[in-house]
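Structure record follows, encoded as structure tokens.
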Amino acid sequence: LYLFSVAGVALFHNEAYVNFHNAHANFNNFSRGVWTLVRMATGEEYNGVMHDLTHCEDASDCPYTMHHFVVYIFHMSFFMLSNNLLLNLMVAVLIDTYGECLSESICSVTPLQIQVFIDIWVKFDP
């Protein structure tokens, strides 16, 4: 997150505000860049910020410029890395919880609970 925020500030600190790239989601300074990346990692309008950063004032240099390439590479690499880290974190928590449930008898399903589930399921799927 630190490296991407520093890179975002270095690359995109002079970009004009458009729609999703605004006063609340930008790379004008380090702290705002961190919060923008956290916002994008959670899936909140990440594609809008990316497309706003490719916004062209002059139609002569659109749509294939080096700036577009840098924006897309920056965002795609951040998405892949952050999603991979979040997925690994979620899997680690699930495996840890599963391991705790195997070692404790309070997490195991009793035959009574199975029968209650079957009785309720039959009502919905005869």
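State which residue pairs qualify: first residue within 20 Å of ASP52 (Cα to Cα) and inside segment 74-85, second residue of a type in the set (Phe, Trp, Tyr) in any location, beta carbons under 9 Å apart, and separation of 6 or more residues or different chains.
What qualifies is PHE74/PHE4; PHE74/PHE12; HIS75/TYR46; SER77/PHE4; PHE78/PHE4; PHE78/TYR46; PHE79/TYR46.
If you take the residues of segment 1-25 that are part of a loop (DSSP other than H, G, I, E, B) and small (Gly, Ala, Ser), which of them is modelled with the lowest pLDDT?
Filtering segment 1-25 for residues part of a loop (DSSP other than H, G, I, E, B) gives 1, 13-25.
Then drop every residue that is not small (Gly, Ala, Ser), which leaves 16, 23, 25.
Working: ALA16: 74, ALA23: 80, ALA25: 83.
Filtering segment 1-25 for residues that are part of a loop (DSSP other than H, G, I, E, B) and small (Gly, Ala, Ser), the one modelled with the lowest pLDDT comes out as ALA16.
Taking the conditions exactly as written (at pLDDT 90 or above and either among the basic types (Lys, Arg) or open to solvent by less than 100 Å² (accessible area, probe 1.4 Å) (or both)), does SER77 satisfy them or not?
Values: at pLDDT 90 or above: yes; either among the basic types (Lys, Arg) or open to solvent by less than 100 Å² (accessible area, probe 1.4 Å) (or both): yes.
Considered against the rule, which asks whether it is at pLDDT 90 or above and either among the basic types (Lys, Arg) or open to solvent by less than 100 Å² (accessible area, probe 1.4 Å) (or both), SER77 comes out as yes.
May I ask you to list the residues in segment 11-52 that are small (Gly, Ala, Ser) and closer than 22 Å to LEU85 by Cβ?
Of everything in segment 11-52, those that are small (Gly, Ala, Ser) and closer than 22 Å to LEU85 by Cβ turn out to be ALA25, SER31, GLY33, ALA41, GLY43.
Answer yes or no: is there a residue in segment 26-38 that is part of a loop (DSSP other than H, G, I, E, B), within 18 Å of the chain's Cα centre (by Cα) and crowded, with 18+ Cβ neighbours inside 10 Å.
Looking through segment 26-38, at least one residue is part of a loop (DSSP other than H, G, I, E, B), within 18 Å of the chain's Cα centre (by Cα) and crowded, with 18+ Cβ neighbours inside 10 Å.
Collect the residues in segment 39-67 that are modelled with pLDDT under 75, open to solvent by less than 80 Å² (accessible area, probe 1.4 Å) and among the charged types (D, E, K, R), keeping them in residue-number order.
ASP61
The values are calculated or read from the model by the stated rules, or taken from the named source; none is laboratory data. This one's a predicted model, so the numbers in the text were calculated from it and none came from an experiment. Backbone-built Cβ (ideal geometry, glycine too); neighbour counts: all protein chains shown. Heavy atoms of the whole protein, side chains included, go into the accessibility calculation; ligands, DNA and RNA do not. Shrake-Rupley method; radii C 1.70, N 1.55, O 1.52, S 1.80 Å.
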